[in-house]
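Below you'll find the structure, written out as structure tokens, and then a few comments.
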Amino acid sequence: MPLYMDIHTVDSDSFSVEDVVKAHMEDLAIQDKFGVTQLKYWVNEGAKTLFCLMEGPDKEACHQVHKQSHGNTACNIIEVSDNEYNLFMGVGTAINDLAQTQSGELDTGYRTIFQMNLICLSATREKFVEEIYALIAQHEGVLILEPCNEFIVSFIYASDAISCANSIQKMLLTSQEKHEYIMAISSGRPVDEQGDNMFEETKKKVKSLCSLGLLGKVYLDKESQLLSSKEQHRTGIDLNGFAVIDGQTLKLAMELSSILTGNMGHSNFSSMNLTRILGLSKSQTYRNIKSLTGMAPNRLIQESRLQKALYYLGQGKKTVAEIAYESGFNSPTYFTRVFKQRFEVAPSNFMKKTNIDSI
């Protein structure tokens with residue numbers, strides 16, 4: 001049967017784990033009536049939030065179990081795959097279905113997601129990959145995805161994600177090989193109150209931040225910083241070199257990413273268009289983007305086009321001319337000149353090297 005996960009948010013001053021345990025027992029008492037099997041649940045007392053994992057014939061059957069047992073229905077229910085669940089949530093144990101970490105603490109269900117985009121320019125990607133894998137494992141991370149030039153990793157503890165990012169950055173900074181990178185860390189819930197996928201909002205956040213150029217930035221959202229400060233058993237967290245961003249700045253980053261993604265194919269898209277869509281003055285647009293990315297708006301637009309081009313070049317399925325136009329450059333000649341100036345390698349040579357490396 002399909003696997004489902006839900007989210008409950010509780011508006012009560014007396015919310016406790018004991019209340020959730022009681023409600024879970026009530027679910028177990030009637031679940032067979034609806035063909036549902038409750039498997040595991042996670043409780044975050046501080047956030048007054050809980051998540052339930054169950055098998056069932058459909059979402060409605062899962063909903064009816066909660067509704068008829070105790071009336072505390074879910075805010076949202078999503079279907080999840082076994083593989084996705086195991087990667088994000090499979091670490092740890094359970095006592096009477098109540099999730100715990102491997103160290104025996106209550107597992108809140110929240111995870112910290114780390115994404116890194118890495119472009120290798122003078123060496124094969126494998127020169128970095130083995131050491132990156134080792135650092136991820138050393139900091140108790142689980143590699144979720146590695147498409148093309150991206151690494152996406154899940155951590156139970158925000159402090160482990162921060163330490164891992166620190167270690168990877170130090171390794172990259174001491175390397176003699178030419179490379180470009182950007183990293184982002186964000187924390188969130190396995191199921192959001194809206195959406196259809198696990199950690200949908202959190203993954204959007206790190207993806208948006210990692211779309212803002214390849215200038216060695218390491219972004220950390222405020223929630224992850226706060227979580228790490230409460231993890232007393234993980235001390236000595238070094239935030240030097242991290243750009244800690246609040247909710248308003250993160251909102252700007254996500255809006256920028258959406259605008260740039262939607263307009264990169266238009267060669268006439270400029271900072272003037274970006275300013276108009278953002279609804280800000282020219283000076284506000286410059287100041288906000290410069291503070292967030294370290295780049296002026298026009299430079300950010302060009303950097304975003306180059307990132308898109310790098311993705312296409314890495315796939316090796318299009319010609320350099322096709323990639324130039326699809327990335328928003330008005331001519332292949334201009335694209336080649338800009339690319340070579342930025343990365344000190346011609347796009348055709350980069351594509352050839354990247355696709356040889358992947359064989």
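The values are calculated or read from the model by the stated rules, or taken from the named source; none is laboratory data. Quick caveat: nothing in here was measured; it's all calculated off a predicted structure. Cβ: placed from backbone, ideal geometry, glycine included. Neighbour counts: every protein chain shown.
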Can you run down the residue pairs with Cβ atoms below 6 Å, 6 or more apart or on separate chains, where the first is in segment 195-222 and among the charged types (D, E, K, R) and the partner is buried (at least 24 other Cβ atoms within 10 Å of the Cβ)? K205/S186; D221/S186
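Restricted to segment 313-329, and to residues that are hydroxyl-bearing (S, T, Y) and under 14 Å from M264 (Cα atoms), which residue is surrounded by the fewest Cβ atoms within 10 Å (Cβ to Cβ)? Quick ask: steps written out before the conclusion?
Taking segment 313-329 as the starting set, the residues that turn out to be hydroxyl-bearing (S, T, Y) are 319, 325, 327.
Right, trim to under 14 Å from M264 (Cα atoms) and you get 325, 327.
Values: Y325: 16, S327: 23.
Only one residue fits best here, namely Y325.
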Residues located in segment 38-80, provided they are β-branched (V, I, T) and under 22 Å from R189 (Cα atoms): V43, T49, T73, I77, I78, V80
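Report yes if Y110 is among the hydroxyl-bearing types (S, T, Y), under 18 Å from the mean Cα position of the chain (by Cα) and surrounded by fewer than 18 Cβ atoms within 10 Å (Cβ to Cβ), otherwise no.
Working: among the hydroxyl-bearing types (S, T, Y): yes; under 18 Å from the mean Cα position of the chain (by Cα): yes; surrounded by fewer than 18 Cβ atoms within 10 Å (Cβ to Cβ): no.
Spelling it out, it is not the case that Y110 is among the hydroxyl-bearing types (S, T, Y), under 18 Å from the mean Cα position of the chain (by Cα) and surrounded by fewer than 18 Cβ atoms within 10 Å (Cβ to Cβ).
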Could you list all residues from segment 74-92 that are surrounded by fewer than 16 Cβ atoms within 10 Å (Cβ to Cβ) and not charged (D, E, K, R)? C75, S81, N83, N86, G90
Tell me, yes or no, whether segment 330-346 has at least one residue that is among the polar types (S, T, N, Q), within 18 Å of G262 (Cα to Cα) and surrounded by fewer than 17 Cβ atoms within 10 Å (Cβ to Cβ). yes
Out of curiosity, is S159 over 23 Å from S81 (Cβ atoms) and buried (at least 22 other Cβ atoms within 10 Å of the Cβ)? yes
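Is it true that some residue in segment 289-299 is of a type in the set (G, A, S), over 22 Å from Y181 (Cβ atoms) and surrounded by fewer than 20 Cβ atoms within 10 Å (Cβ to Cβ)? I'd like the intermediate steps shown before the answer.
Our first condition is that a residue be of a type in the set (G, A, S); within segment 289-299, this holds for 291, 294, 296.
Then drop every residue that is not over 22 Å from Y181 (Cβ atoms), which leaves none.
No; the residues of segment 289-299 include none that is of a type in the set (G, A, S), over 22 Å from Y181 (Cβ atoms) and surrounded by fewer than 20 Cβ atoms within 10 Å (Cβ to Cβ).
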What is the residue count in segment 35-49 for residues that are crowded, with 21+ Cβ neighbours inside 10 Å and not in a strand (DSSP E or B)? 1
Only unsatisfied item for T261, checking (1) within 19 Å of S208 (Cα to Cα); (2) part of a loop (DSSP other than H, G, I, E, B), is (2)
Condition check for E55: in contact with a His (Cβ under 8 Å, 6 or more places away or on another chain) and acidic (D, E): no
Which one is surrounded by the fewest Cβ atoms within 10 Å (Cβ to Cβ) among residues in segment 169-193 that are within 18 Å of G213 (Cβ to Cβ) and among the β-branched types (V, I, T)? I182
Spans of helices (runs of 4 or more DSSP H) in segment 76-189 with at least 2 residues of a type in the set (S, T, N, Q) and either modelled with pLDDT of 90 or more or in contact with a Phe, Trp or Tyr (Cβ under 7 Å, 6 or more places away or on another chain) (or both): 82-89, 158-174
So G279 clears everything in (1) farther than 19 Å from S224 by Cβ; (2) within 22 Å of the chain's Cα centre (by Cα); (3) at pLDDT below 95 except one condition, right? Which one? (2)
Filtering segment 35-55 down to residues that are modelled with pLDDT under 95 and either small (G, A, S) or more than 16 Å from A99 (Cα to Cα) (or both) yields G46, A47
Just checking, which of Q64, Q68, Q100 is free of Cβ contacts under 8 Å to residues at least 40 places away in the same chain, surrounded by fewer than 21 Cβ atoms within 10 Å (Cβ to Cβ) and touching a strand residue (DSSP E or B) at 6+ places or on another chain (Cβ under 7 Å)? Q100
Of all helices (runs of 4 or more DSSP H) fully inside segment 275-333, the set with 3 or more residues that are closer than 22 Å to A184 by Cα and not aliphatic (A, V, I, L, M) is 282-293, 297-315
Identify the single condition in (1) within 28 Å of the chain's Cα centre (by Cα); (2) under 22 Å from E180 (Cβ atoms) that Y286 does not satisfy, given that it satisfies every other one. (2)
Among the listed residues L227, L260, L278, identify the single one that is within 26 Å of E201 (Cα to Cα), in contact with a strand residue (DSSP E or B) (Cβ under 6 Å, 6 or more places away or on another chain) and of a type in the set (A, V, I, L, M). L227
